[in-house]
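Below: the structure, in structure tokens.
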Amino acid sequence: MEKIKDKFTLLGNLIKEIRDVKTRLTKLVKFKESEEFYELSEENQELLNEQYKSMVKYLGTLEKRFELNK
């Protein structure tokens with residue numbers, strides 16, 4: 001019984017994290033499409049693009065873990 005509870009806890013945590021990351025990614029994409037983004041220094045733009053790529057990879061990892069454990 002405890003193992004089932006642990007699995008539900010894990011899946012619940014993964015779902016929450018997936019939602020959170022998707023929300024942050026959506027905000028970042030909207031910002032990257034804004035005029036404000038292009039007013040940043042080139043270095044800041046590059047770092048935000050790097051952050052975006054890392055977040056996409058992280059999201060993919062979370063989704064794979066969810067699929068593996070459901």
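The values are calculated or read from the model by the stated rules, or taken from the named source; none is laboratory data. What you see is a predicted model, and the numbers here were worked out from it, not measured in a lab. Quick reminder, even Gly has a Cβ in these numbers, built from the backbone with ideal geometry, and neighbours come from all protein chains shown. Ligands, DNA and RNA are excluded from the accessible area calculation, which covers all protein heavy atoms including side chains. Shrake-Rupley method; radii C 1.70, N 1.55, O 1.52, S 1.80 Å.
Observations on the structure shown:
- Helices (runs of 4 or more DSSP H) fully within the chain counting 2 or more residues that are of a type outside the set (Ser, Thr, Tyr), on the phi > 0 side of the Ramachandran plot and in contact with a Gly (Cβ under 6 Å, 6 or more places away or on another chain): none
- For Glu39, the test of being among the acidic types (Asp, Glu), modelled with pLDDT of 95 or more and surrounded by 11 or more Cβ atoms within 10 Å (Cβ to Cβ) is failed.
Quick grid of which residues meet (1) open to solvent by 60 Å² or more (accessible area, probe 1.4 Å); (2) touching a residue at least 12 places away in the same chain (Cβ under 8 Å):
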{"position": "Leu14", "(1), (2)": "no, yes"}
{"position": "Lys22", "(1), (2)": "yes, yes"}
{"position": "Val29", "(1), (2)": "no, yes"}
{"position": "Glu46", "(1), (2)": "yes, no"}
{"position": "Glu50", "(1), (2)": "yes, no"}
{"position": "Gly60", "(1), (2)": "no, no"}
